[in-house]
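The values are calculated or read from the model by the stated rules, or taken from the named source; none is laboratory data. These numbers were taken from a predicted model, which means no experiment stands behind them. Here the Cβ positions follow ideal geometry from the backbone for every residue, glycine too, while neighbour counts run over all protein chains shown. Ligands, DNA and RNA are stripped out before the accessible areas are found, and what is left, the full protein with its side chains, is counted by its heavy atoms. Shrake-Rupley method; radii C 1.70, N 1.55, O 1.52, S 1.80 Å.
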Amino acid sequence: METSEKIQKSGALQVFASLLTPQSSCTAKVANIIAEVARNEFMRNPCVDAGLIPPLVQLLNCKDQEVLLQTGRALGNICYDSHEGRNAVDRAGGAHIVVDHIRSLCSKTDPASEKLLTVFCGMLMNYSNENDTLQSQLINMGVIPTLVKLLGIHCQNAALTEMCLVAFGNLAELESSKEQFAYTNIAEELVKLFKKQIEHDKKEMIFEVLAPLAENDVIKLQLVEAGLVECLLEIVQKTVDSDKEDDIAELKTASDLMVLLLLGGKYNESMQKLFEGGKGSVFQRVLSWIPSNSHQLQLAGALAIANFARNDGNCIHMVDNGIVQKLMDLLDRHVEDGNVTVQHAALSALRNLAIPVVNKAKMLSAGVAEAVLKFLRSEMPPVQFKLLGTLRMLIDAQAEAAEQLGKNVKLVERLVEWCEAKDHAGVMGESNRLLSALIRHSKSKDVIRTIVQSGGIKHLVTMATSEHVIMQNEALVALALIAALELVTAEKDLENAQLVQILHRLLSDDRSAPEIKYNSMVLICALIGSEPLQKEVQSMAFLEVVSKLRSHENKTVAQQALLTEQRLAVES
């Protein structure tokens with residue numbers, strides 16, 4: 001540091017600029033001095049101010065390996081954590097020349113070339129670190145396929161491999177990089193490299209690259225096909241009972257990565273293969289993590305179920321093989337102050353398992369509805385959302401279960417409360433849909449009375465104005481059942497919620513779907529049975545709107561319009 005200060009004060013940096021020429025015999029030594037000086041943070045800006053970047057970048061065009069090596073080091077050190085240094089190299093076009101060098105040297109495995117490649121990779125890493133603009137620039141130059149090729153050829157060279165990994169780690173965070181990575185064999189190379197590693201630090205470095213890449217659906221499947229899941233299973237097996245700090249860290253990283261691989265993504269043959277294979281299958285091994293004390297392993301187990309429960313065959317197989325009980329046991333451990341992520345994953349799995357018709361009755365008799373209801377107290381929107389979705393799937397076409405749940409005052413009151421959760425559209429939508437489903441599937445007067453007493457009618461009326469046709473339709477069918485079974489009980493609430501005006505609007509609107517128009521007319525016919533609601537219908541000239549619909553292109557709508565018109569004419 002003292003020497004660097006003296007060099008700066010003496011004005012030697014300005015002299016160096018004139019000595020950095022390909023013709024000079026001391027060029028390599030000068031570049032070496034600059035590289036050493038620039039290791040000190042306070043010297044990087046003075047190097048830029050002394051005009052050293054343009055001549056250094058020009059030296060990248062020379063053929064002398066020692067000059068190239070020292071020039072690469074000098075530029076890399078000046079760029080390290082230096083905004084000014086990076087900008088100067090960018091303006092001088094240094095990155096482009098370095099990328100071209102890496103491309104031409106890529107296949108050479110002699111020590112001198114590998115040393116040069118390591119320095120150039122390090123220079124690009126320092127140049128673009130934590131700078132999205134410069135990282136995008138390198139991606140556009142096509143650096144990713146070159147670095148992946150480099151990793152494959154030089155995987156025996158620890159220093160060069162490390163530089164590649166750090167460069168990948170920098171670039172992999174950018175979405176545009178993932179598209180380029182997907183067209184390379186990065187998954188295969190990283191898994192191959194990972195299998196060789198013994199040291200925890202090296203594995204951790206590879207993990208840091210794998211994590212952002214595994215967020216991409218295409219790369220996720222490539223990693224599965226390359227055998228990453230099996231690798232992670234081995235790590236878990238070796239470290240799950242260990243108290244060593246490194247093993248605990250490795251276990252967490254492996255299970256984190258497993259969670260990433262199992263989260264969402266496209267489900268294809270590669271995923272299905274992991275599910276098949278009986279007791280020794282990947283799925284069965286991941287399943288054995290559920291009783292573990294590690295939340296991350298429990299999460300991976302629950303997510304594995306949720307992920308594989310994406311086709312009916314798998315769902316039916318899992319329910320028949322006792323998976324539901326494992327999930328209920330897991331949820332039981334997380335009722336009081338539980339882990340929200342585990343709750344969410346387990347509820348997601350139950351929701352998916354409840355989709356096939358043959359599973360619903362089995363899951364209901366296993367006590368799934370009761371297990372799920374324990375989470376009614378949750379204040380976490382992701383848990384609320386999955387809880388609602390699970391119950392809605394369970395009661396689909398299950399009249400007895402729908403009636404039992406629909407008469408549960410605590411549940412209905414909570415649904416009405418969540419119907420007003422304007423900050424959480426998903427929870428609000430699912431609450432409305434479950435309210436409607438309880439009526440539609442139970443067709444029970446008791447359920448309707450419970451919903452009326454809990455103040456749920458206004459939410460069903462509002463739901464009829466939803467931007468989603470499926471929700472509008474579900475609301476109208478539920479309201480028609482209310483009007484047919486318990487009109488007197490619901491009369492006041494329907495009036496206060498301005499249902500008649502809303503129906504007039506839906507029938508007048510040309511954009512309303514045919515099924516919306518049809519169900520609105522069915523509902524109008526039912527509402528006429530109430531004196532105050534009939535008066536409202538008569539005051540709003542419904543006959544005019546309905547008569548126009550007799551010529552509707554949809555025959556069912558036209559037919560219902562004729563019936564409705566006749567009914568309205570009789571009542572008037």
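Measuring with a 1.4 angstrom probe and ignoring ligands and nucleic acids, S82 comes out at about 10 Å² accessible. I need the calculated FRET efficiency for the pair Q156 and E179, taking r as the beta carbon distance and R₀ as 22 Å, to the nearest 0.05. So the FRET efficiency works out to roughly 0.15. What is the Cα centroid distance between the range 458-516 and the range 156-205, reported in whole angstrom? If you average the Cα positions of each part, the centres end up 56 Å apart. What shape does the range 290-432 take by its C-alpha gyration tensor, where a ≥ b ≥ c are the square roots of the eigenvalues and a/c under 1.5 counts as rounded, a/b above b/c as prolate, and the rest as oblate? Oblate shape, in that a/c is at least 1.5 and b/c is the bigger or equal ratio. The lysines whose alpha-carbon is closer than 22 Å to the alpha-carbon of K238, local same-chain residues fewer than 8 away aside, are K192, K195, K196, K202, K203, K252, K279.
Summed over qualifying helices (DSSP H, 4 residues or more, each -39500 (n - 2.57)) and divided by its residue number, the chain shows a 222 nm mean residue ellipticity of -23000 deg cm²/dmol. For M380, the accessible area of its heavy atoms, probed at 1.4 Å with every protein chain present, is near 80 square angstrom. What does the charge add up to near Q559, with Lys and Arg as +1, Asp and Glu as -1, over the other residues with Cβ less than 15 Å from its Cβ? Net charge around Q559: +2. The solvent-accessible area of I198, taken with every protein chain present and a 1.4 Å probe, is close to 150 Å².
Report, as a whole number in µm² per second, the diffusion coefficient that Stokes-Einstein gives for the range 498-571 at 20 °C and 1.002 mPa s using the Kirkwood radius over alpha carbon pairs.
Numbers: Rh = 11.9 Å.
It diffuses with D of about 180 µm²/s by this estimate.
Taking Cα atoms only, the orientation of helix 111-128 departs from the longest principal axis of the chain by about 50 degrees. Other residues within the sphere of radius under 14 Å centred on the Cβ of V358, judged by their own Cβ, net out at -1 (K and R +1, D and E -1). Within the same chain, aspartates and glutamates fewer than 8 places from K108 are excluded, and of the rest, those with a Cα less than 18 Å from its Cα are D64, E66, D100, E162. Here K445 is the anchor, and the lysines within straight C-alpha reach of less than 20 Å, apart from those fewer than 8 places off in the same chain, are K407, K410, K458, K492.
With a 1.4 Å probe and all protein chains kept in place, how do E430, E204, E276 rank by accessible area, largest first?
On the way: E430 20, E204 45, E276 100 Å².
These residues rank, largest area first, as E276, E204, E430.
Taking a ≥ b ≥ c as the square roots of the eigenvalues of the Cα gyration tensor, the range 398-495 is rounded, since a/c falls below 1.5.
For the range 492-565, trypsin sites (Lys or Arg not before Pro) meeting the loop criterion (DSSP other than H, G, I, E, B) and having at most 15 other Cβ atoms within 10 Å: R511.
In the chain, the longest principal axis of the Cα atoms and the axis of helix 381-395 are about 50 degrees apart. Rounded to the nearest 10 degrees, the angle from helix 83-92 to the longest Cα principal axis of the chain is 70 degrees. If R0 is taken as 22 Å, the Cβ-Cβ distance between M380 and D329 corresponds to a FRET efficiency of 0.60. Applying 1/(1 + (r/R0)^6) with R0 = 60 Å to the Cβ-Cβ distance of D217 and D49, what FRET efficiency is obtained, to the nearest 0.05? Efficiency for this residue pair is about 0.80. Sort the range 510-549 into rounded, prolate or oblate with this rule: let a ≥ b ≥ c be the square roots of the eigenvalues of the Cα gyration tensor; rounded if a/c is under 1.5, and if a/c is not under 1.5, prolate when a/b is larger than b/c, oblate otherwise. Judged from the Cα gyration tensor, the range 510-549 comes out oblate (a/c at least 1.5, b/c at or above a/b).
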